Amino acid sequence: MRPSDATLAALPESFRSARSTTRTVVFSVLAGVALVALVLVLVNFGAIRDDASEMTGRRSGLRGVVAPTLVIVTAFFAVLFAWFAIGGAHRWIRVDTGTPLSGRHFLAAGGRAEAEALHARFATGDPAVYLPVPNHKKGDIRLSIYLAVPDRTAYVTVRLGKEPGATGLPLITLHDRAYVQLKRLGTGDLVRPSASGVVDPFLRG
């Protein structure tokens, strides 16, 4: 699955989706390891089942499920990593510099008004204003924060709707102090209020 972001996709002169060679290789290797493990489990299924039958005490209740569970687990990871290698190894790239973007993504409940309010908060570039970032299990508002670390630039997109073509508000670009402040924030920091009003007062201009 290619990365989906209507705001970035609407700016093909600035951003493009490309396959990551590193991710593809890593996931392919992991898929291969999981597949080998699955084959070994299937070949030795009888021996594993026989060994499990000798389990005693509290573990005796697991005798009949050890071998089938190993088959299910190894098959699951083989399919999962293969899927990532084939369809999940893409990322957004800055066209002008070739820099890959690393992203963090959040969901928030609400409609157009809430999406615009969240967008306006991030547009200030001030963590004292945009923290905490709402982070819900479900929601129609999708917030994405992308870092182009070598370029010392951050991008923020706010979209309303879950479909690939969901409505995107204008792209927010953060440089200089605003970039540094955002980069210093981990995921846990983003969802908590700023304790002192600003993350680093010496970075304020």
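The values are calculated or read from the model by the stated rules, or taken from the named source; none is laboratory data. Keep in mind the model is a prediction, meaning the values are calculated, not measured. Counting neighbours? That spans all protein chains shown, and the Cβs are built from the backbone with ideal geometry, glycine included. The area values use the complete protein model at the heavy-atom level, side chains included, leaving out ligands, DNA and RNA. Shrake-Rupley method; radii C 1.70, N 1.55, O 1.52, S 1.80 Å.
Of the residues making up segment 147-164, those that are open to solvent by 10 Å² or more (accessible area, probe 1.4 Å), in contact (Cβ under 8 Å) with a residue 40 or more places away in the chain and closer than 16 Å to L185 by Cα are L147, V149, Y155.
Just one of the numbered conditions (1) part of a helix (DSSP H, G or I); (2) β-branched (V, I, T); (3) buried (at least 18 other Cβ atoms within 10 Å of the Cβ) is not true of V129: (3).
Looking only at segment 132-167, residues that are assigned to a helix (DSSP H, G or I) and touching a strand residue (DSSP E or B) at 6+ places or on another chain (Cβ under 9 Å) come to 2 in all.
The set of residues in segment 66-109 that are outside any helix (DSSP H, G or I), open to solvent by less than 30 Å² (accessible area, probe 1.4 Å) and modelled with pLDDT of 90 or more comprises W92, I93, T99, L101, F106, A108. Among all residues of segment 159-182, there is at least one that is modelled with pLDDT under 95, of a type in the set (D, E) and either in contact with a Ser or Thr (Cβ under 6 Å, 6 or more places away or on another chain) or closer than 24 Å to G98 by Cβ (or both). Taken as a whole, the condition of being buried (at least 21 other Cβ atoms within 10 Å of the Cβ) and touching a residue at least 40 places away in the same chain (Cβ under 8 Å) does not apply to T187. Considering A128, A108, A120, the condition of being over 30 Å from V33 (Cα atoms), free of Cβ contacts under 8 Å to residues at least 12 places away in the same chain and among the small types (G, A, S) is satisfied by A120 alone.
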